[in-house]
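Structure, as structure tokens:
The values are calculated or read from the model by the stated rules, or taken from the named source; none is laboratory data. Note that the structure is predicted; figures quoted are calculated from it, not measured. Methodologically, a virtual Cβ is constructed for each residue, glycine included, from the backbone with ideal geometry; neighbour enumeration extends over all protein chains shown.
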Amino acid sequence: MNLILRRERTEVFHRVEELTREAFWNVHEPGCNEHFLAHVLRDSLDFIAELDYVAELDGKPVGNIMYARSVILQPSGLPYPVLTFGPVSVLPSLQGKGIGSALITHTLELARQLGHAVVVIYGDPAYYARFGFRAGEDFGIRTKDGWFNPALQALELVPLALKGISGSFVEADVYNLDTQAAEQFDADFPPRTKEVTPSQSRYLELLSQSHR
Ligand SMILES: CC(C)(COP(=O)(O)OP(=O)(O)OC[C@H]1O[C@@H](n2cnc3c(N)ncnc32)[C@H](O)[C@@H]1OP(=O)(O)O)[C@@H](O)C(=O)NCCC(=O)NCCS
């Protein structure tokens with residue numbers, strides 16, 4: 001594969017939003033909002049442009065990962081700065097070939113080199129454990145509503161960075177999408193049918209595993 005990873009350039013913004021839509025459509029819920037998230041994330045103050053990477057195959061974008069600053073809000077009220085990533089997307093026809101892993105591995109190492117110590121994400125542990133992510137619960141990290149959930153995972157880029165740190169993971173505000181604005185944004189893309197699909201049950205299964 002003639003695959004290269006490079007910083008996202010303005011010329012591919014729309015193509016990256018299209019491929020994000022293709023990757024997420026009907027996967028976690030009927031339709032998706034992640035292409036709108038990609039669109040608004042770039043303008044957010046919490047966005048980290050240095051970690052916005054595109055995978056290009058034969059010169060065409062086929063995958064993308066974006067990061068933003070978030071925090072773990074400690075019981076003392078002190079925020080501990082962390083990174084989060086998402087969306088991370090690979091065109092459906094090219095999934096399972098290592099492109100997502102290449103994007104994640106490359107940017108995690110870059111994040112470490114840039115001085116970031118911790119990454120906290122929501123995602124399927126069946127996928128993210130391979131990169132060293134562990135359940136947030138292992139570190140005492142809860143959702144912002146105070147729940148432990150296996151989808152909430154953390155990675156120490158710097159060994160023991162989370163020693164003595166616990167609390168609630170508060171994602172950058174940009175992740176709280178305006179769903180009406182997302183609908184309007186989607187209207188400019190080719191029409192697609194929203195459907196209930198088997199992959200959505202995995203997402204619901206993970207959601208149902210929340211506990212205190
Ligand atoms: C998740 C995603 C970015 C991974 O990219 P990719 O290029 O397909 O991943 P890789 O080829 O590096 O890794 C493929 C492996 O991950 C597994 N995998 C991919 N997505 C997974 C998921 N949601 N849950 C569990 N395993 C998953 C594959 O089964 C495969 O396993 P194997 O190595 O044991 O065969 C891509 O599948 C995608 O865009 N999915 C739709 C959007 C999405 O769900 N993004 C992540 C949101 S948390």
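Each row is one residue, and each column tells you yes or no for (1) of a type in the set (K, R); (2) away from the ligand (no atom under 11 Å from the Cβ); (3) in contact with a strand residue (DSSP E or B) (Cβ under 9 Å, 6 or more places away or on another chain).
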{"site": "R6", "(1), (2), (3)": "yes, yes, yes"}
{"site": "R9", "(1), (2), (3)": "yes, yes, yes"}
{"site": "R15", "(1), (2), (3)": "yes, yes, yes"}
{"site": "A23", "(1), (2), (3)": "no, no, yes"}
{"site": "P30", "(1), (2), (3)": "no, yes, no"}
{"site": "D46", "(1), (2), (3)": "no, yes, yes"}
{"site": "A68", "(1), (2), (3)": "no, yes, yes"}
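M1 passes every criterion in (1) surrounded by fewer than 19 Cβ atoms within 10 Å (Cβ to Cβ); (2) within 16 Å of the ligand (Cβ to nearest atom); (3) at pLDDT 95 or above apart from (3). In the set A55, A68, A23, only one residue is among the small types (G, A, S), within 16 Å of the chain's Cα centre (by Cα) and not in a strand (DSSP E or B); that residue is A23. Taking region 101-110 as the range and being more than 7 Å from the ligand (Cβ to nearest atom) and without any contact (Cβ under 8 Å) to a residue 40 or more places away in the chain as the test, the residues that pass are I104, T105, E109.
Residues checked against (1) more than 30 Å from L204 (Cβ to Cβ); (2) surrounded by 21 or more Cβ atoms within 10 Å (Cβ to Cβ); (3) of a type outside the set (S, T, Y):
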| residue | (1), (2), (3) |
| --- | --- |
| R9 | yes, no, yes |
| A38 | no, yes, yes |
| S44 | no, no, no |
| V71 | no, no, yes |
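Does I141 satisfy the criteria of being touching a Gly at 6+ places or on another chain (Cβ under 8 Å), over 28 Å from E56 (Cα atoms) and either among the hydrophobic types (A, V, I, L, M, F, W, C) or in contact (Cβ under 8 Å) with a residue 12 or more places away in the chain (or both)? Judged against the criteria, I141 is a match.
Kindly indicate whether any position in region 133-152 is within 16 Å of the ligand (Cβ to nearest atom), under 16 Å from Q74 (Cβ atoms), in contact with a strand residue (DSSP E or B) (Cβ under 8 Å, 6 or more places away or on another chain) and assigned to a loop (DSSP other than H, G, I, E, B). Yes, that holds for at least one residue.
In region 111-124, the qualifying residues are those that are assigned to a helix (DSSP H, G or I) and surrounded by fewer than 17 Cβ atoms within 10 Å (Cβ to Cβ), and the one that is farthest from the ligand (Cβ to nearest atom) is Q113.
Selection within region 72-100: residues that are more than 16 Å from the ligand (Cβ to nearest atom) and in a strand (DSSP E or B). The member of this set that is farthest from Q153 (Cα to Cα) is P79.
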